[in-house]
1. Output the residues belonging to segment 197-226 that are under 14 Å from the mean Cα position of the chain (by Cα) and either within 12 Å of the ligand (Cβ to nearest atom) or of a type in the set (Phe, Trp, Tyr) (or both).
2. I need the full set of residues from segment 420-432 which are within 28 Å of Leu361 (Cβ to Cβ) and free of Cβ contacts under 8 Å to residues at least 24 places away in the same chain, in order please.
3. Just the residues that are among the hydroxyl-bearing types (Ser, Thr, Tyr) and buried (at least 21 other Cβ atoms within 10 Å of the Cβ), please, taken from segment 227-255.
4. Looking at segment 110-141, which of the residues that are over 25 Å from the mean Cα position of the chain (by Cα) and of a type in the set (Ser, Thr, Tyr) is farthest from Ala188 (Cα to Cα)?
5. Looking at Gln294, Gln236 in this structure, which one is more than 10 Å from the ligand (Cβ to nearest atom), closer than 26 Å to Ser419 by Cα and in contact (Cβ under 8 Å) with a residue 12 or more places away in the chain?
6. Give the number of residues within segment 28-55 that are under 25 Å from Arg368 (Cβ atoms) and of a type in the set (D, E, K, R).
7. Name the residue, out of Ile287, Ile313, that is in contact with a Leu (Cβ under 7 Å, 6 or more places away or on another chain), at pLDDT 95 or above and within 16 Å of the ligand (Cβ to nearest atom).
8. Return the total of residues in segment 50-84 being in contact (Cβ under 8 Å) with a residue 40 or more places away in the chain and either assigned to a loop (DSSP other than H, G, I, E, B) or more than 24 Å from the chain's Cα centre (by Cα) (or both).
Amino acid sequence: MFRKILIANRGEIALRVICACKELGIRTVAVYSEADRHSLHVRFADEAVCIGPAKSSRSYLDIPAVISAAEITNVDAIHPGYGFLSENADFAEICELSNIRFIGPPPDVTRLMGVKDKARAAMAAAGVPTLPGSEGVLSRVEEALEVANHIGYPVILKASAGGGGRGMRIVREPEELPAQFTQAQQEALAAFSCADVYLEKYIPAPRHIEFQILADTHGNVEVFTERECSIQRRHQKLIEESPSPRVSTALRLQMCQKLREAMRAVGYTNAGTVEFLMDEKGDLYFIEVNARIQVEHPITEVVSGIDLVKGQIMMAAGLPLSHVIPKSPLHPRGHAIECRINAEHPETFAPSPGRITAFNLPGGPGIRVDTAAYAGAVVPPYYDSLIAKLISSGRSRAEAIARMSRALEMFVVEGIHTSIPLHQKILNDPDFIAGKFDTTFINRFLAANNRPATPPE
Ligand code: ADP
């Protein structure tokens, strides 16, 4: 097992990794930017190294700075968290060349998964259902027109190197395709330094369903109960839950079996998530693999009883999966929901950085909060706006919803705006309560809620 781990991240996920290390008896090194000097990950790590100014490109994304910090502190491994360098295969390679274990999949697998059209082809070859679409990157618009005509409109153009919900364009008519194609290429180049785009069938109102996997270096793969992440705004998740109200036990078992084989076939190790879209018939189609731990991992931890971050560390150290999951297969225990609490205005969605003047965490039965915020902390404007993840669980979905509703009410954050009021409204929505929603839910919900109130009689 590792002696000391450097955490190349900040905020709640850095703290989450510190929790896992403390429980495993591993020493920790935090790295931080000048803006994060007073952060809790700095406070609770055994050692801390300032790696640069506030701007991520000069601190958390600065590979030489992170590697230098790791060498000075003499760590055995680096945990990248999510975002920042977590899916950077070059970084993973540099770690290995520096004799530091990268806690994640092997660099070649991360590289494959990072090119979305290649990941799609690899998963299709391994027997996972994908949406009809182009075979790899489209070089000319004529090619795109031919594929789109063949599969039928609407279609979606996607950047091969895309991520974070960016670089996607829906095309509803052939006439729109040439202009959209050129724009998609230009956008992809500007955002991801790679103009490659591919195309697939667009599903108008899909559900987003994903499967957490954990794989060791001995060929063992475990697939966890699915997460439902259809409550999204601009392709960014807001609320996640597990299990999905729409996935039957038969479908779950069938997918778990398929994914176990597919992930073994592509040589996947460590933690990852395979994302799917579900059409109105209930069929699942692969969209992408996220080769890292995800924001919403706690709901899976709650329903499975397995600590995924400890699992990542143990498997990176070469331990077999049986040390992480004593009893397989896993059966979901109850229901869990996560609300992402962002420092943003609940109506305009404008970022709301600043000093938190009062902070009260909810507690009680079935509540978990993953956060690095506290009263007096300053939320800097430079990074992601996520300040806390509120996770509720219960024996049933209804109990998890009731607990989430009262926990949102008891969660006090003053001094900045947060998305708490938005979550409270969603939790009260009849369609949400009935489990009847898809990725178009938020747009309909916001339109309905912005309608002026009916004047009193
Ligand atoms: P990213 O890597 O940017 O997160 P994804 O491929 O995971 O991109 O897609 C993010 C979201 O975009 C999905 O959850 C879904 O809401 C939407 N989306 C992606 N592909 C399609 C598609 N073929 N049809 C309909 N919606 C899609």
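The values are calculated or read from the model by the stated rules, or taken from the named source; none is laboratory data. Bear in mind that the values here come from a model prediction, so they are computed numbers and not experimental data. Note that we place each Cβ from the backbone using ideal geometry, even for glycine, and neighbour counts take in every protein chain shown.
1. The answer is His208, Ile209, Glu210, Phe211.
2. Gln424, Asn428, Asp429
3. Ser230, Ser242, Ser244
4. Applying the filter and picking the extreme gives Ser134.
5. Only one candidate qualifies: Gln294.
6. Matching residues across segment 28-55 total 3.
7. Ile287
8. So the count comes out to 14.
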